[in-house]
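Report on the following structure.
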Amino acid sequence: MRRILVTGAAGFVGGHVLPLLTAAGDRVAGIGRGRASRLPEGVVYETIDLLDEAALGGFVARFRPTEILHLAGLASVADSASGPGQTWRVNVNGLMNLVAAAEAVPGCTFFFVSTGEVYGGAFLSGHALTEAAEPLPRNTYARSKWVGEQLLRDLLPRIGVKLVVLRPFNHIGPGQDERFVVASFAGQIARIEAGLVPPVLEVGNLSSHRDFLDVADVAQAYADLIGQSESLADGSVFNISSGAPRTIASVLEGLRAGARVPFEIRVALGRVRPAEIPMAAGDAGLLRAMTGWRPRVAWDDALNRVLDDARARLAAAGAGGG
C-alpha cells in the first residue's frame, strides 16, 4: 500500500485528487494552511504551514510517505507580480522545508507540481511545446517554480528521494477562485444573473490562446502517474495539457452560451496583463505514452461545471449572510 502525502490538500486541486488516491486503496494524508472540508473517508489531515519547519518535519517523520504530491504554493501570476516576496518565501522557502522533512523518508518519490508557465518565452515559437523545450520563465510565479525544479534536482539525489516534475497548463473547475480568468468570468455571470450587479462583464485581453483542461482531468493525470511511480525515471518531466489552445474570447462565448441572462462585455485596463504571450500550449505525448491518460471531460461540460459552481457559491454566501 502506498502512503501518499498531499501538500495543499485543502486547495483547489487537492479537493479533486484526494478522492482518486483513496479510491485506489492507498493510504493518504494531507496538509494545508486552512481547514479542509468534505475530506474522503480515511484521509488524515493536519493544518500545517510549509514555513513551519518543525511541524512539517514532525508530520512527515510520523506518516513516512512513499510518495509526496506537492501541490501547495502560491499559484496566481497576478498575485506574484504584486507580492513577489511572498511568492518566493512560500514557493521556495516552503519547498526547502519540505525537502528537509523528506530526509526522513529515503526511497520516497517526490512529485513536484511545477507549471507550464515555466516555458514562458519559448511559447513565442507558436506551437505546442514538449518537455524538451528550454524554459524561459517571464513572471515571478513561473521563475519561482523553475527555481524549485532546479533546487530539487540538486538536493533530492543527496537524500535518496526520486523526483518527478509535473507541468500542468491552465485548469478550470469547481472550487477555483476568481483570481483566475474562467472562474472570474463565471463569478461575474453568476452575480449578473442574480441581479446583484449591472449586466456588464469586465474582461482583459481576449485574443490570447491558452491550453485549458478540466481540473478532474488534471487530477486524474496526477493519480495515474503516482500509480506508476515505481516505473518512472528519476528526473522525469511531464506536461499535463490538452494540446488544443483556445482563445479567451471563445471561452467567454462558451460561458455566455450557458448564461441565463444577456450581458455586455467591457474591457477593463486593470485586467489586461502586461507582456502577454499570444499562444501557450503543451504537448502531453509523454504522459499519454506512460499512462494512457487523455482528457475525458467535454469542454462544454467543463464550462457548465464552473458556472454551476459559481452559482452555488453565490447562493451559499447569500444563505450564510441571511
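The values are calculated or read from the model by the stated rules, or taken from the named source; none is laboratory data. The structure presented is a predicted model; accordingly, all values stated were derived computationally and were not measured. In this analysis, Cβ positions are derived from the backbone assuming ideal geometry, glycine residues included, and neighbour counts consider all displayed protein chains.
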Within the range 39-54, the residues that are among the small types (Gly, Ala, Ser) and either touching a residue at least 12 places away in the same chain (Cβ under 8 Å) or not assigned by TED's automatic domain parsing to the domain that holds Leu95 (or both) are Gly42
Name the residue that is surrounded by the most Cβ atoms within 10 Å (Cβ to Cβ), counting only residues in the range 190-223 that are among the small types (Gly, Ala, Ser) and at pLDDT below 95. Ser208
Residue by residue through the range 122-152, note down the ones that are touching a residue at least 40 places away in the same chain (Cβ under 8 Å) and more than 21 Å from the chain's Cα centre (by Cα). Leu124, Gly126, His127
Would you mind finding the one in Leu74, Leu124, Leu95 that is of a type outside the set (D, E, K, R), modelled with pLDDT of 95 or more and either buried (at least 20 other Cβ atoms within 10 Å of the Cβ) or under 22 Å from Val13 (Cα atoms) (or both)? Leu95
Which of the helices (runs of 4 or more DSSP H) contained wholly in the range 6-117 include at least 2 residues that are out of contact with any Pro (no Cβ under 7 Å at 6 or more places or on another chain) and among the hydrophobic types (A, V, I, L, M, F, W, C)? 14-23, 53-63, 77-82, 94-102
Across the range 278-295, which residue is surrounded by the most Cβ atoms within 10 Å (Cβ to Cβ) among those that are assigned to a loop (DSSP other than H, G, I, E, B) and touching a His at 6+ places or on another chain (Cβ under 9 Å)? Ala281
Going by the structure shown, is Asn139 in contact with a Ser or Thr (Cβ under 7 Å, 6 or more places away or on another chain) and either exposed (fewer than 15 other Cβ atoms within 10 Å of the Cβ) or more than 19 Å from Ser229 (Cβ to Cβ) (or both)? yes
Hey, among Ala219, Ala233, Ala186, Ala249, which residue is among the hydrophobic types (A, V, I, L, M, F, W, C), part of a helix (DSSP H, G or I) and in the same structural domain as His70 (by TED's automatic domain parsing)? Ala219
For Ala298, only one of the following conditions fails: (1) of a type outside the set (Val, Ile, Thr); (2) in contact (Cβ under 8 Å) with a residue 24 or more places away in the chain; (3) over 12 Å from Ala190 (Cα atoms). What is its number? (2)
If the requirement is being at pLDDT below 90, of a type outside the set (A, V, I, L, M), more than 23 Å from Thr115 (Cα to Cα) and over 17 Å from the mean Cα position of the chain (by Cα), which of these qualifies: Arg27, Arg35? Arg35
Taking the range 236-246, which residues are assigned to a loop (DSSP other than H, G, I, E, B) and in contact with a Gly (Cβ under 7 Å, 6 or more places away or on another chain)? Ser241, Gly243
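For (1) within 30 Å of Glu131 (Cβ to Cβ); (2) basic (Lys, Arg), each residue gets a yes or a no:
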| position | (1), (2) |
| --- | --- |
| Arg179 | yes, yes |
| Arg191 | no, yes |
| Ser231 | yes, no |
| Asp234 | yes, no |
| Ile248 | yes, no |
| Gly258 | no, no |
Given (1) in contact with a helix residue (DSSP H, G or I) (Cβ under 7 Å, 6 or more places away or on another chain); (2) part of a strand (DSSP E or B), index of the condition Arg266 fails: (1)
In the range 123-172, which residues are of a type in the set (Val, Ile, Thr) and part of a helix (DSSP H, G or I)? Thr140, Val147, Ile159
Report every pair of residues separated by at least 6 positions or lying on different chains whose Cβ atoms are under 9 Å apart, first residue within the range 92-121 and within 11 Å of Gly57 (Cβ to Cβ) and in contact (Cβ under 8 Å) with a residue 24 or more places away in the chain, second among the hydroxyl-bearing types (Ser, Thr, Tyr) and buried (at least 20 other Cβ atoms within 10 Å of the Cβ). Leu98/Thr7
